[in-house]
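Trainee: Quick one: structure below, then a few questions.
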(Lines give C-alpha, C1' and ligand atoms only; values in the text may rest on other atoms or scores of the structure.)
Protein backbone atom coordinates (compact mmCIF):
# COMPACT_ATOMS: atom_id res chain seq x y z
CA UNK A 1 0.00 0.00 0.00
CA UNK A 2 1.30 3.44 -1.04
CA UNK A 3 2.31 5.68 1.76
CA UNK A 4 0.10 8.78 2.15
CA UNK A 5 2.05 12.05 2.16
CA UNK A 6 0.34 14.99 3.90
CA UNK A 7 1.65 18.59 3.47
CA UNK A 8 -0.22 20.96 5.72
CA UNK A 9 1.67 24.08 4.36
CA UNK A 10 0.48 23.65 0.74
CA UNK A 11 -2.21 26.26 -0.27
CA UNK A 12 -5.05 25.02 -2.48
CA UNK A 13 -5.14 26.48 -6.03
CA UNK A 14 -8.25 28.74 -6.81
CA UNK A 15 -9.32 30.69 -9.92
CA UNK A 16 -9.53 34.53 -9.18
CA UNK A 17 -13.02 35.02 -10.62
CA UNK A 18 -13.60 38.31 -8.81
CA UNK A 19 -10.44 39.88 -10.19
CA UNK A 20 -11.25 38.78 -13.71
CA UNK A 21 -14.76 40.20 -13.39
CA UNK A 22 -13.42 43.55 -12.22
CA UNK A 23 -10.97 43.68 -15.14
CA UNK A 24 -13.75 42.97 -17.63
CA UNK A 25 -15.94 45.67 -16.08
CA UNK A 26 -13.04 48.12 -16.22
CA UNK A 27 -12.47 47.44 -19.93
CA UNK A 28 -16.20 47.88 -20.62
CA UNK A 29 -16.21 51.20 -18.71
CA UNK A 30 -13.22 52.49 -20.67
CA UNK A 31 -14.85 51.53 -23.97
CA UNK A 32 -18.11 53.25 -22.93
CA UNK A 33 -16.28 56.46 -21.98
CA UNK A 34 -14.42 56.49 -25.29
CA UNK A 35 -17.70 55.99 -27.14
CA UNK A 36 -19.32 58.90 -25.29
CA UNK A 37 -16.34 61.12 -26.12
CA UNK A 38 -16.72 60.28 -29.81
CA UNK A 39 -20.47 61.03 -29.64
CA UNK A 40 -19.79 64.39 -27.95
CA UNK A 41 -17.23 65.31 -30.62
CA UNK A 42 -19.72 64.43 -33.36
CA UNK A 43 -22.43 66.56 -31.73
CA UNK A 44 -20.00 69.46 -31.41
CA UNK A 45 -19.14 69.23 -35.10
CA UNK A 46 -22.84 69.22 -36.02
CA UNK A 47 -23.49 72.30 -33.85
CA UNK A 48 -20.60 74.13 -35.49
CA UNK A 49 -21.98 73.30 -38.92
CA UNK A 50 -25.43 74.57 -37.90
CA UNK A 51 -23.95 77.80 -36.52
CA UNK A 52 -22.04 78.38 -39.75
CA UNK A 53 -25.21 77.75 -41.76
CA UNK A 54 -27.25 80.20 -39.65
CA UNK A 55 -24.53 82.86 -39.86
CA UNK A 56 -24.44 82.45 -43.64
CA UNK A 57 -28.23 82.84 -43.89
CA UNK A 58 -28.17 85.99 -41.74
CA UNK A 59 -25.40 87.47 -43.87
CA UNK A 60 -27.31 86.67 -47.07
CA UNK A 61 -30.49 88.22 -45.65
CA UNK A 62 -28.68 91.40 -44.60
CA UNK A 63 -27.07 91.65 -48.02
CA UNK A 64 -30.48 91.25 -49.67
CA UNK A 65 -32.07 93.95 -47.49
CA UNK A 66 -29.17 96.31 -48.17
CA UNK A 67 -29.44 95.69 -51.90
CA UNK A 68 -33.20 96.39 -51.81
CA UNK A 69 -32.65 99.64 -49.93
CA UNK A 70 -30.01 100.73 -52.42
CA UNK A 71 -32.28 99.81 -55.31
CA UNK A 72 -35.23 101.76 -53.82
CA UNK A 73 -34.02 105.15 -52.51
CA UNK A 74 -36.11 107.00 -49.94
CA UNK A 75 -38.72 109.14 -51.64
CA UNK A 76 -38.76 112.89 -51.23
CA UNK A 77 -42.04 112.67 -49.28
CA UNK A 78 -40.61 110.23 -46.74
CA UNK A 79 -37.49 112.36 -46.38
CA UNK A 80 -39.63 115.45 -45.79
CA UNK A 81 -41.59 113.64 -43.07
CA UNK A 82 -38.33 112.61 -41.42
CA UNK A 83 -37.06 116.21 -41.45
CA UNK A 84 -40.37 117.50 -40.09
CA UNK A 85 -40.15 115.10 -37.15
CA UNK A 86 -36.83 116.66 -36.18
CA UNK A 87 -38.38 120.13 -35.83
CA UNK A 88 -38.75 121.49 -32.32
CA UNK A 89 -41.46 123.48 -30.52
CA UNK A 90 -38.78 125.53 -28.77
CA UNK A 91 -38.88 128.57 -31.14
CA UNK A 92 -42.63 128.90 -30.62
CA UNK A 93 -42.32 128.64 -26.84
CA UNK A 94 -39.49 131.19 -26.86
CA UNK A 95 -41.65 133.62 -28.81
CA UNK A 96 -44.61 133.12 -26.46
CA UNK A 97 -42.39 133.65 -23.44
CA UNK A 98 -41.08 136.90 -24.88
CA UNK A 99 -44.53 138.46 -25.46
CA UNK A 100 -46.60 136.89 -22.67
CA UNK A 101 -47.76 139.00 -19.72
CA UNK A 102 -49.72 138.05 -16.62
CA UNK A 103 -52.80 139.89 -17.91
CA UNK A 104 -53.15 137.19 -20.60
CA UNK A 105 -54.64 133.72 -20.06
CA UNK A 106 -54.46 131.18 -22.90
CA UNK A 107 -57.54 128.95 -23.19
CA UNK A 108 -56.33 127.12 -26.34
CA UNK A 109 -52.88 126.82 -27.87
CA UNK A 110 -51.94 124.92 -31.03
CA UNK A 111 -48.39 124.85 -32.44
CA UNK A 112 -47.63 123.46 -35.91
CA UNK A 113 -43.86 123.16 -36.30
CA UNK A 114 -43.99 122.27 -40.00
CA UNK A 115 -46.01 125.37 -40.94
CA UNK A 116 -44.33 127.43 -38.16
CA UNK A 117 -47.80 128.48 -37.04
CA UNK A 118 -49.23 129.30 -33.58
CA UNK A 119 -53.00 129.44 -33.09
CA UNK A 120 -54.36 130.57 -29.74
CA UNK A 121 -57.55 131.55 -27.95
CA UNK A 122 -57.06 133.83 -24.96
CA UNK A 123 -58.66 136.04 -22.36
CA UNK A 124 -57.37 139.41 -21.20
CA UNK A 125 -58.42 142.11 -18.77
CA UNK A 126 -59.33 144.47 -21.60
CA UNK A 127 -59.30 144.86 -25.36
CA UNK A 128 -56.29 147.11 -24.94
CA UNK A 129 -54.32 144.20 -23.43
CA UNK A 130 -55.16 142.13 -26.51
CA UNK A 131 -53.95 144.88 -28.84
CA UNK A 132 -50.76 145.29 -26.81
CA UNK A 133 -50.13 141.55 -27.15
CA UNK A 134 -50.54 141.84 -30.92
CA UNK A 135 -48.07 144.74 -30.93
CA UNK A 136 -45.52 142.68 -28.99
CA UNK A 137 -45.89 139.80 -31.45
CA UNK A 138 -45.36 142.16 -34.40
CA UNK A 139 -42.31 143.72 -32.75
CA UNK A 140 -40.61 140.36 -32.17
CA UNK A 141 -37.90 139.69 -34.79
CA UNK A 142 -39.00 136.05 -35.13
CA UNK A 143 -42.54 137.01 -36.17
CA UNK A 144 -43.48 136.78 -39.84
CA UNK A 145 -47.18 137.65 -39.65
CA UNK A 146 -49.86 138.21 -36.98
CA UNK A 147 -53.62 137.87 -37.52
CA UNK A 148 -56.22 138.98 -34.98
CA UNK A 149 -59.03 136.66 -36.05
CA UNK A 150 -61.54 137.46 -33.30
CA UNK A 151 -61.80 140.09 -30.58
CA UNK A 152 -64.78 140.72 -28.29
CA UNK A 153 -65.95 141.04 -24.70
CA UNK A 154 -67.03 137.97 -22.74
CA UNK A 155 -70.76 138.24 -22.13
CA UNK A 156 -72.06 137.00 -18.80
CA UNK A 157 -68.85 137.64 -16.87
CA UNK A 158 -69.19 140.55 -14.40
CA UNK A 159 -65.58 141.56 -15.07
CA UNK A 160 -66.27 141.53 -18.84
CA UNK A 161 -62.83 140.28 -19.92
CA UNK A 162 -61.78 140.46 -23.55
CA UNK A 163 -61.62 137.22 -25.55
CA UNK A 164 -59.64 136.91 -28.75
CA UNK A 165 -58.25 134.46 -31.29
CA UNK A 166 -54.78 135.16 -32.69
CA UNK A 167 -52.67 133.37 -35.28
CA UNK A 168 -48.92 133.94 -35.52
CA UNK A 169 -46.44 132.74 -38.15
CA UNK A 170 -42.76 132.78 -37.25
CA UNK A 171 -39.68 132.91 -39.48
CA UNK A 172 -37.54 129.84 -40.00
CA UNK A 173 -34.25 131.75 -40.25
CA UNK A 174 -34.80 133.85 -37.13
CA UNK A 175 -35.60 131.11 -34.63
CA UNK A 176 -33.84 131.11 -31.32
CA UNK A 177 -31.31 128.34 -30.60
CA UNK A 178 -32.60 125.15 -29.04
CA UNK A 179 -32.48 125.41 -25.28
CA UNK A 180 -34.13 122.63 -23.28
CA UNK A 181 -34.13 124.54 -20.00
CA UNK A 182 -35.71 127.59 -21.63
CA UNK A 183 -38.31 125.44 -23.36
CA UNK A 184 -39.24 123.72 -20.11
CA UNK A 185 -39.56 127.05 -18.30
CA UNK A 186 -41.66 128.51 -21.11
CA UNK A 187 -43.92 125.47 -21.29
CA UNK A 188 -44.49 125.75 -17.55
CA UNK A 189 -45.47 129.42 -17.84
CA UNK A 190 -47.76 128.80 -20.80
CA UNK A 191 -49.38 125.88 -18.97
CA UNK A 192 -50.00 128.09 -15.95
CA UNK A 193 -51.54 130.75 -18.16
CA UNK A 194 -53.72 128.18 -19.96
CA UNK A 195 -54.91 126.68 -16.66
CA UNK A 196 -56.30 130.00 -15.48
CA UNK A 197 -60.06 130.25 -15.88
CA UNK A 198 -59.95 134.01 -16.38
CA UNK A 199 -58.03 137.20 -15.63
CA UNK A 200 -59.43 139.64 -13.03
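Trainee: Please specify each residue of segment 108-131 satisfying the condition of being over 15 Å from residue 167 (Cβ atoms) and part of a strand (DSSP E or B).
Mentor: Within segment 108-131, 123, 124 qualify.
Trainee: Still on this structure, please answer the following. State all residues of segment 92-107 that are in a loop (DSSP other than H, G, I, E, B) and either farther than 15 Å from residue 130 by Cβ or out of contact with any helix residue (DSSP H, G or I) (no Cβ under 7 Å at 6 or more places or on another chain) (or both); if no residue qualifies, say none.
Mentor: 101, 102
Trainee: Restricting attention to segment 138-158, and to residues there that are surrounded by 12 or more Cβ atoms within 10 Å (Cβ to Cβ) and in a loop (DSSP other than H, G, I, E, B), which single residue is nearest to the chain's Cα centre (by Cα)?
Mentor: In this case the residue turns out to be 142.
Trainee: Out of the residues in segment 107-125 meeting the condition of being at pLDDT below 90 and surrounded by fewer than 15 Cβ atoms within 10 Å (Cβ to Cβ), tell me which one is nearest to residue 171 (Cα to Cα).
Mentor: Within segment 107-125, the match that is nearest to residue 171 (Cα to Cα) is 115.
Trainee: All but one of (1) within 39 Å of the chain's Cα centre (by Cα); (2) under 17 Å from residue 103 (Cα atoms); (3) modelled with pLDDT of 90 or more; (4) not in a strand (DSSP E or B) hold for residue 134; which doesn't?
Mentor: (1)
The values are calculated or read from the model by the stated rules, or taken from the named source; none is laboratory data. These figures come from a predicted structure and were not determined experimentally. Counting neighbours? That spans all protein chains shown, and the Cβs are built from the backbone with ideal geometry, glycine included.
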